[in-house]
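K.L.:
Before I ask anything, here is the structure I am working with.
The values are calculated or read from the model by the stated rules, or taken from the named source; none is laboratory data. Only a predicted model underlies this, so the values are computations on that prediction, with no experimental measurement involved. Reconstructed Cβ throughout: ideal geometry from the backbone, glycine too, with neighbour counts over all protein chains shown.
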Amino acid sequence: MIKPTELRIGNLLTCENQQRPILSIDGEKEFTDSRTNKIYKCSITIGEYTDEGLMWTTNSRWLKYFEPIKLEKEWLRAFGAEINSSNNYILDRFEFIWKEGYNYWYVLGEESSTYLTKIEYVHELQNFYFVMNGEDLVLLKEIGKE
């Protein structure tokens, strides 16, 4: 399950097979699962913005209903990454290396080849980019529309 502390407004998540950005996070709401008596905190609202900048929500649910989005090549390309001569992806000043069997990306500094982190999910990439650059990572094209 995703931890509320991993999330920021704007992170992309999947709920009911829809991938949408987080519009709000309320970490104080509590929900008790009647089947297990386990207490969950954190309600998430996802949605979209119209061309006029108006927000509309598609869902407001407890965090347990959301799934992270696996970071695949298609997502890296949608954020603007390009393939280098080593067949790895470059985004900004970072090199992303996928090694079979690990199921996540190693992230290196492009010029120094210094190991920086590993990333498995789209929201982790968004958070990493924000920490390293002080600005949000922008989705340049929709997934599945090359």
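K.L.:
What's the number of the condition Lys141 fails, among (1) of a type in the set (Lys, Arg); (2) loosely packed, with under 15 Cβ neighbours inside 10 Å; (3) not in a loop (DSSP other than H, G, I, E, B)?
P.N.:
Unmet condition: (3).
K.L.:
Restricting attention to the stretch 1-18, which residues are out of contact with any Phe, Trp or Tyr (no Cβ under 8 Å at 6 or more places or on another chain), outside any loop (DSSP other than H, G, I, E, B) and modelled with pLDDT of 85 or more?
P.N.:
Passing the criteria: Glu6, Leu12.
K.L.:
Same structure again: Given the residues Ile119, Ile90, Ile69, which is the only one that is aliphatic (A, V, I, L, M) and farther than 29 Å from Ile46 by Cβ?
P.N.:
Ile90
K.L.:
Here's something else I'd like to know. Of these, Tyr102, Tyr129, Tyr115, which one is within 15 Å of the chain's Cα centre (by Cα) and without any contact (Cβ under 8 Å) to a residue 60 or more places away in the chain?
P.N.:
Just a single option satisfies the conditions, and that option is Tyr129.
Residue by residue, here is whether (1) assigned by TED's automatic domain parsing to the domain that holds Leu12; (2) of a type outside the set (Gly, Ala, Ser); (3) surrounded by fewer than 19 Cβ atoms within 10 Å (Cβ to Cβ) holds:
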| position | (1), (2), (3) |
| --- | --- |
| Ser85 | no, no, yes |
| Phe94 | no, yes, no |
| Trp98 | no, yes, yes |
| Tyr106 | no, yes, yes |
| Gly109 | no, no, yes |
| Ser112 | no, no, yes |
| Tyr115 | no, yes, yes |
